[in-house]
There are 2 protein chains.
Amino acid sequence: MAHKSKKPRVLASGVFDLLHLGHVKFLEEAKNTGGKNSQLIVIIARDTTVEKAKGRKPIMSENQRRTLVESLKVVDEAILGLEDFDIGDVIEHIKPDIIALGYDQADVEKQVKEYVAKHNLNVKVVRIGRFEADELDSSSKIRQRIVEKYAR
Amino acid sequence: MAHKSKKPRVLASGVFDLLHLGHVKFLEEAKNTGGKNSQLIVIIARDTTVEKAKGRKPIMSENQRRTLVESLKVVDEAILGLEDFDIGDVIEHIKPDIIALGYDQADVEKQVKEYVAKHNLNVKVVRIGRFEADELDSSSKIRQRIVEKYAR
């Protein structure tokens, strides 16, 4: 069963490489799903997990990414993920009331929903839309801009 | 005369392109110079000011840079700089008790000290050392890493 307290616990996760407004807006909307008193806990993907999934390490190290995310007003706690990522372990450890997923986390959503259904947990799963703006709102766009400007 | 209130006002400034731990540590140390109750106000350099000084615009726009910096726990207020940067205008407008300068802001320090002395202001000027770590702690190092990894 999900942990019940007066402060709804919202769980979000991600890589958060090259921190940008899209990340902050995602985290703000995630926290909002739990209301005013909610606590936002963020899992930061390990360097090794990112490398396995995307074939390359993030630009910024996991420690730097974790510290930066925890420096944000909207974040109550940022934790490094498990070396061997397992959604069940994360849910059992954090005991969230709500799991908020980003626009690009369809694969995680499927795993989460299956786990929650299988174990009959009282956990709400919400999907956060993409932040739309005429701005650099993804790490890959930022990398692209830098390469265009600085590479020969 | 500097504005006197119960909350010491600390002023810091910078470009804050590609937000990294060095920025956050600088801002935390800046705020600390004013003690527990201090208020940290940060001036974000305009795109045009950066272009004039460095011959190129920042990667992230001034609006994105301002919003990100204001999203940090340590920052009370982030304000875009004047289009025509003038240290005297900034000091008269913000009325800081302390002006904190980064390791790479020797030029601004000189201007600030001259202005403060000339106008006989009660403003403390402090220099914050560079955050030493085996990490990406400057925007140019981050750009360099990206270009190395992604450019052909």
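Just to be sure I understand: of the beta bridges DSSP finds with both ends in the protein assembly as shown, what percent are antiparallel, rounded to 5? Around 5 percent antiparallel, to the nearest 5.
Taking other Cβ atoms within 10 Å as a rough exposure proxy, A:Arg9, B:Arg65, B:Arg127, A:Arg145 sort from fewest to most as B:Arg127, A:Arg145, A:Arg9, B:Arg65.
Legend: ranking of residues B:His119, B:His23 from fewest to most surrounding C-beta atoms inside 10 Å; resulting order B:His119, B:His23. Using the Cβ-Cβ distance between A:Ser61 and A:Asp86 with R0 set to 30 Å, the FRET efficiency works out to roughly 0.85. Residues in segment B:55-66 carry Karplus couplings, in order, of x, 7, 6, x, 5, 9, 5, 4, 5, 5, 4, 5 Hz; the curve used is 6.51 cos²θ - 1.76 cosθ + 1.60 with θ = phi - 60°, and Gly or Pro positions show x. Calculate the length of the line joining the C-alpha centroid of segment B:11-85 to that of segment B:102-127, in whole Å. Their Cα centres are 17 Å away from one another. For A:Ile79, the residues whose amide H sits under 5 Å from its own are A:Val42, A:Ile43, A:Ile44, ignoring neighbours fewer than 5 places away on the same chain, with H placed 1.01 Å from N. An oblate overall shape is assigned to segment B:1-98, the ratio a/c of its alpha-carbon gyration tensor axes (a ≥ b ≥ c) being 1.5 or greater and a/b not exceeding b/c. In the protein assembly as shown, helices alone account for a calculated mean residue ellipticity at 222 nm of -12000 deg cm²/dmol, with every DSSP H run of four or more residues adding -39,500 (n - 2.57).
Close amide H contacts of B:Val74 (hydrogens built in the peptide plane, cut-off under 5 Å, sequence separation of 5 or more or a different chain): none are found.
Bear in mind these aren't lab numbers, they're just calculated from the coordinates by the rules spelled out. For clarity, every value in this text was computed on a predicted model and none was experimentally measured. Note: ideal-geometry Cβ built from the backbone for every residue, glycine included; neighbour counts use all protein chains shown.
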